[in-house]
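Worksheet: the structure to be examined is printed underneath.
Readers should treat all values here as calculations from the given coordinates under stated rules, not as data from a laboratory. Computed from a predicted structure; not experimentally measured. Cβ placement follows ideal geometry from the backbone for every residue including glycine, while neighbour counts extend to all protein chains displayed.
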């Protein structure tokens, strides 16, 4: 048995505790990734109009003629609008 020196009152810190070994046959707990709360694929909206305001950024939509649009900003307009994808 080894003796640990007493805590030094003049500022030295005691050595860090050592890891406790796991019982035989057990495995360490694994961290699971967070499960998304909503589906990763949003439905494509229908009946959108090019240039109309929209949200959220990145949403997809189709015009009445079937053209695919994305809700995004442009280099000259910081507002979210339906733009050709």
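Only counting other Cβ atoms within 10 Å, I'd like 68, 80, 60 sorted with the fewest neighbours first. Working shown, then result.
Values: 68 12, 80 19, 60 16.
Ordered by Cβ neighbours within 10 Å, fewest first: 68, 60, 80.
Translational D (Stokes-Einstein, µm²/s) of the stretch 45-84 at 37 °C and 0.692 mPa s when Rh comes from the Kirkwood sum over C-alpha pairs? Please report the intermediate quantities before stating the final value.
On the way: Rh = 9.7 Å.
Value of D from the Cα-based Kirkwood radius: 339 µm²/s.
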